[in-house]
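> Supplied in structure tokens, the structure appears directly below.
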Amino acid sequence: HNYMLASDYAFQELGYTGDISLIIGAPDQLLDLGLESGTVDRTDIELQYSRDIGTSLRTVSGLGMREDRVQGTSLLGHGDRIEQQYYRAFGTLEWHPVADVTANFGAMFEHNDQIGGRLSPRLGINWQVAPGHTLRAASALAYRTPSILEQNNLASLIVPSTGEVIYIDYYTPERLDPERIRSHELGYMVQAPKISSVFDAKLFVEYIDDALAESWAHPDDIQIPTILNQSALEASNNSFWKTKGAELQWRLEPMPGSRLFVTYAYADTSGEYDRKNYGGGGTNVNRVDLRTPQHQFNILASQQLGYGLEASMALYRQTSVTWHRGDSLKPYNRVDGRLAKRFGNDQLQASLELVLQSFTAPYTEFERNNTVDNRGFIRLKLDFL
């Protein structure tokens, strides 16, 4: 269950600083300026079946259903709750034509009332070129359905007593298409037991088409009447980009009960969308090259202390990024810590954890006012066997 609340908007965004009663034609009253306030719920259920067919074939198949629910007057333009169901069926076939080669063929069919049905296939192959050395390649086509909020968004400022719309910040004028994602990767893994290490490297490229973005709409093109009759940002499938990069990983077990994970990721993104000029006229091409952090570096170390105790620490480093509908943020470092006690029996496994996040210094995510302070919490996990 997620709850979102933000009240970072002021009357200056209305272009009006006088007596509010003069523009809404009603007595002064409290206005909800939280254009990102609302509640979102999700329920997901999945049934999976696995079967071995002889010695060279293995299959995994299943069915799933998800329901999303969203409610929020400032997000949707009304107080009613909207629900959307999503259905999926998937299957994977693992085939070993020879001892050193494994091929995977998979597909998922998804259906919902927004986009109808879409089939997402995937093909992968692994080849053990030598003992401890594995080369792999994979290609996939997938679709991302716009979320229930993206499909029904009407972020607006409404007069509580009359229901009239003062102005619209962002809205979805018509049914959106799914985003299309094409991806290809080539990887190589080396297992080095003499130094208790596993090395993994991957090159990848992704193409995103029909991606969601926003552009300025002329007031006359907005079908919803507003008091201020201003331009608004409308959602559409008018963006595309390409991301290519590399990922490196080193896993080390220097001694029994000790583990070290070191990862590095490099990404180079290029793409654009036409935001148009305020008022809905002309073109205003915006680049999306900085929407992906170019460099990310992580270190995770853990140690078994005995008596079911485990301690771990993680360091995260991310370079600058410009978030979609967010802010341009500077690089940051983050350090987390965790102490866990495991206990249980044959029917139940549990862990009690003390987690400390960002305990060295605060950092910022997504937008400038979203500062993550030092925090700590206790978490209980239960696994029924």
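Every number here is computed from the coordinates shown, using simple stated rules; none is lab data. Since the structure is predicted, the reported quantities are computational estimates derived from the model, not experimental observations. Ideal geometry is used to build each Cβ from the backbone, glycine not excepted, and the neighbour counts take in all protein chains shown.
> Just round it to a whole percent: the fraction of Cα-Cα distances in region 136-207 exceeding 21 Å.
Numbers: 1542 of 2556 pairs.
Every Cα pair in region 136-207 considered, those over 21 Å come to 60 percent.
> Report ³J(HN,Hα) in whole Hz for each residue of region 304-316, in order, from the Karplus equation J = 6.51 cos²θ - 1.76 cosθ + 1.60 where θ = phi - 60°; Gly and Pro get x.
Listing the rounded values in order: 7, 9, x, 6, x, 9, 9, 10, 8, 9, 9, 10, 10 Hz.
> Given axes a ≥ b ≥ c from the Cα gyration tensor, I'd like to know whether the chain is rounded (a/c under 1.5), prolate (a/b larger than b/c) or oblate. Write down the numbers at each step before the final one.
Numbers: a/c = 1.93, a/b = 1.62, b/c = 1.19.
Taking the square roots of the gyration eigenvalues as a ≥ b ≥ c, the chain is prolate.
> Also, I was wondering about something else. Identify all lysines with a Cα-Cα distance to Lys202 below 22 Å; exclude those on the same chain that are fewer than 8 residues away in sequence.
Excluding near neighbours in sequence, the set is Lys242, Lys244.
> Kirkwood hydrodynamic radius for region 248-385: how many Å is it when counted over pairs of different Cα atoms? Before the final figure, lay out the partial values.
Details: mean 1/r = 0.0547 Å⁻¹.
Averaging 1/r across every pair of different Cα atoms and inverting gives 18.3 Å.
> Once you treat every alpha carbon in region 180-272 as an equal point and sum by Debye, what is log10 I(q)/I(0) at q = 0.15, 0.18, 0.19, 0.22 Å⁻¹?
Cα-only, vacuum Debye calculation for region 180-272: -0.75, -0.88, -0.92, -1.03.
> Also, I was wondering about something else. At 0.36 nm per residue, minus the direct Cα-Cα distance, what do Glu164 and Asp221 gain on full extension? Give it in nm, one decimal, please. Please list the in-between numbers first.
Numbers: separation 57, 0.36 × 57 = 20.52 nm, distance 1.82 nm.
Answer, rounded to one decimal: 18.7 nm.
> Please turn the phi angles of region 205-211 into ³J(HN,Hα) values with the Karplus equation 6.51 cos²θ - 1.76 cosθ + 1.60 (θ = phi - 60°), one per residue in order, whole Hz, x for glycine and proline.
Here the 3J(HN,Hα) series is 8, 10, 10, 10, 10, 6, 6 Hz.
> Show me, for region 176-185, the HN-Hα J-couplings you get by feeding each phi into the Karplus relation (A = 6.51, B = -1.76, C = 1.60, θ = phi - 60°), rounded to Hz, glycine and proline as x.
Ordered by residue, 3J(HN,Hα) equals 8, 8, x, 6, 9, 10, 10, 9, 9, 9 Hz.
> May I pose another question? Could you list Trp323, Trp241 in order of exposure, starting from the residue whose Cβ has the fewest other Cβ atoms within 10 Å? Could you put the intermediate results ahead of the total?
Details: Trp323 14, Trp241 19.
Taking fewest neighbouring Cβ atoms as first place, the list is Trp323, Trp241.
> Divide by every residue of the chain the summed helix terms, -39500 (n - 2.57) for each DSSP H run of at least 4, and state the resulting mean residue ellipticity at 222 nm, rounded to the nearest 500 deg cm²/dmol.
Values: 3 runs with 13 residues, N = 385.
That calculation yields -500 deg cm²/dmol at 222 nm.
> A further question on this structure: Less than 11 Å from a label point 7 Å out along the Cα-to-Cβ axis of Ser61: which backbone N atoms in region 73-107 qualify, by residue?
Counting only backbone N, you get 90-93.
> For a quick protection proxy, order the peptides 81-87, 344-350 by their average other-Cβ count within 10 Å, most packed first. Could the numbers behind the result be given before it?
Working: 81-87: 14.9, 344-350: 10.7.
Going from most to least packed, we get 81-87, 344-350.
> Moving on to the next point. For labels at Asp268 and Ser302 in the simple 7 Å Cα→Cβ model, what's the distance in nm?
3.5 nm
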